[in-house]
């Protein structure tokens, strides 16, 4: 069975899933496209864009010349577009006036670049988490609505066949009434080693890399991929992995956001300069169920059965595990019943389905429809991660008012919904 037929038969979420996300326009247009953030993941996205046959790669942008050279060499193998290269995203957007901007930068750059791109007339393919702080996400969504540009979030798990059919299984009631869910990521990265602080690599503008974040002392553990464990640039494992799994939970429930959040974290074992927590627990209180988050960088929990990432949905009929590389599994409470499984169907070499997200993006640009992974969904899932970190930083629980986009009765907590930008960068207005 091909992917399109599979998803049509899944019947999940009605027309929202069965129409545009999987239908490519019959007359593809050549959208002028630029990639900002030319590392390994940005190239993964651009590769799918090129394969779609609907884009012209106008430019690549990165503050690291080494990344740029590697990316351009690969792009030159994939197409004949001969893209220009830039270090400054502002210069790139202004000079190229692109139709599409792929934003695959570290998290602390997502808001400024996405907003400038949309205000200049571009549609945006945005990496998750959508923002580094809560109010940045609000500003990005506002820019998308004000400009009426498509802003899609790279929630490829929202499109993958086993995730789609898994949601249909949950919504059908076969797992019974769900009373609690648990999202988790368990990795054993070991003790690691303490990185030596040093000068940035030749050809890298480290001051620009830090941008609105505090100017940090460089160490090789930060770049090119280690920045996710440094809180000045990202939000640790809950910020990196959390939005994917929180999105699966918010996709399943009819509730938009939790009302209360409490989190605790620790980081005192690893031999590393990274400052994101190695262990974290968070509890999210919804109206009808309790959600928990758990991550560790110190153990893959070999004593537990099944995959070491995903979401457990605990129902009155059994436990449903929504996984990644191993698909989904349902463990019925009645041990006489068969354990049900569905294998994952993912693209190589990255075991993701970015092409399905890109197809939705392409379908929405000419129609003006909001994508299945619209910026609003990205903001909600990202906020769950950010609010978990905020609670841990405060050392107390918080009450979230989703409609007012603020924390209830806590001035100190509300101040953490934003952060001070390093000059001359200015925090976006939402």
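So for the chain: antiparallel DSSP bridges make up what percent, rounded to the nearest 5? If you can, show how the numbers build up before the last one.
Numbers: 42 of 69 bridges.
Bridges in the chain that DSSP calls antiparallel: roughly 60 percent.
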Point to revise | FRET efficiency for residue 78 and residue 148, using Cβ-Cβ distance with R0 set to 30 Å, rounded to 0.05 | key: 0.45
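Largest first and in whole Å, what are the equivalent-ellipsoid semi-axes of the range 72-159 based on the Cα gyration tensor, each being the root of 5 times an eigenvalue?
Details: eigenvalues 104, 49, 32 Å².
Here the semi-axes work out to 23, 16, 13 Å.
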Check your understanding: For labels at residue 403 and residue 208 in the simple 7 Å Cα→Cβ model, what's the distance in nm?
Key -> 4.6
Study note, to complete from the structure: Distance in Å, no decimals, from the C-alpha centre of the range 148-221 to the one of the range 296-356 is 18
Check your understanding: Where in the range 101-143 does the amide nitrogen come within less than 16 Å of the point 7 Å from the Cα of residue 94, taken along Cα to Cβ?
Key -> 113, 116-121
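Would you mind ranking 180, 38 by Cβ crowding within 10 Å, fewest neighbours first?
Numbers: 180 14, 38 30.
Final ranking by Cβ density, sparse to dense: 180, 38.
Please label the shape of the range 27-122 as rounded, prolate or oblate, based on the square roots a ≥ b ≥ c of the eigenvalues of the alpha-carbon gyration tensor (a/c under 1.5 means rounded; beyond that, a/b larger than b/c means prolate, else oblate). List each step's numbers first, then the result.
Numbers: a/c = 1.57, a/b = 1.11, b/c = 1.41.
It is oblate, given that a/c is not under 1.5 and a/b is not larger than b/c.
So what is the diffusion coefficient of the range 145-219 in µm² per second by Stokes-Einstein at 25 °C and 0.890 mPa s, using a Kirkwood Rh over Cα pairs? Each step should come with its number before you reach the end.
Numbers: Rh = 18.5 Å.
My calculation gives 132 µm²/s for D.
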Practice item. Set the Förster radius R0 to 51 Å, insert the Cβ-Cβ distance between residue 191 and residue 427 as r into 1/(1 + (r/R0)^6), and round the FRET efficiency to 0.05. Key: 0.85
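What's the Cα-based Rg to Rh of the chain, Rh via Kirkwood?
Numbers: Rg = 21.1 Å, Rh = 22.2 Å.
We get a ratio of 0.95 for the chain.
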Check your understanding: Per the Kirkwood formula on distinct C-alpha pairs, the Rh of the range 308-404 is how many angstrom?
Key -> 17.2
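Using Cβ counts within 10 Å as a stand-in for footprinting exposure, how do 336, 369, 393 rank, fewest first?
Values: 336 5, 369 16, 393 13.
Starting with the residue having the fewest Cβ neighbours, the order is 336, 393, 369.
Among 386, 35, which comes first, second and so on when ranked by fewest other beta-carbon atoms within 10 Å?
Numbers: 386 27, 35 30.
Least crowded to most crowded, the residues run 386, 35.
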**Study point:** Candidates 146, 62, 360: whichever shows maximal mean-square fluctuation once the chain is modelled as a Gaussian network with Cα springs under 10 Å
**Key:** 146
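Would you kindly state how much longer the chain becomes between residue 339 and residue 179 on full extension, computed as 0.36 nm times their sequence separation minus their alpha carbon distance, in nm to one decimal? All intermediate terms of the calculation are to be shown ahead of the outcome.
Numbers: separation 160, 0.36 × 160 = 57.60 nm, distance 2.02 nm.
That works out to 55.6 nm of additional length.
In deg cm²/dmol and to the nearest 500, what is the mean residue ellipticity at 222 nm of the chain if only DSSP H runs of at least 4 residues count, each as -39500 (n - 2.57), divided by the residue total? Present the calculation step by step, with values, prior to reporting the outcome.
On the way: 14 runs with 141 residues, N = 430.
Calculated mean residue ellipticity at 222 nm is -9500 deg cm²/dmol.
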**Study point:** Bins of 10 Å, starting at 0 and running to the largest distance - Cα pair percent for the range 347-430
**Key:** 13, 31, 27, 24, 5
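How high is the FRET efficiency from residue 29 to residue 290, r the C-beta distance, R0 51 Å, rounded to 0.05? Present the calculation step by step, with values, prior to reporting the outcome.
Details: r = 47 Å, r/R0 = 0.91.
The computed FRET efficiency comes out at 0.65.
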Practice item. At 0.36 nm per residue, minus the direct Cα-Cα distance, what do residue 87 and residue 259 gain on full extension? Give it in nm, one decimal, please. Key: 57.7 nm
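Just so you know, all these numbers are worked out from the coordinates, no wet-lab data involved. From a predicted model like this one, the values you see are computed outputs, not experimental measurements. Here the Cβ is made from the backbone with ideal geometry for all residues, glycine too, and neighbour counts use every protein chain on show.
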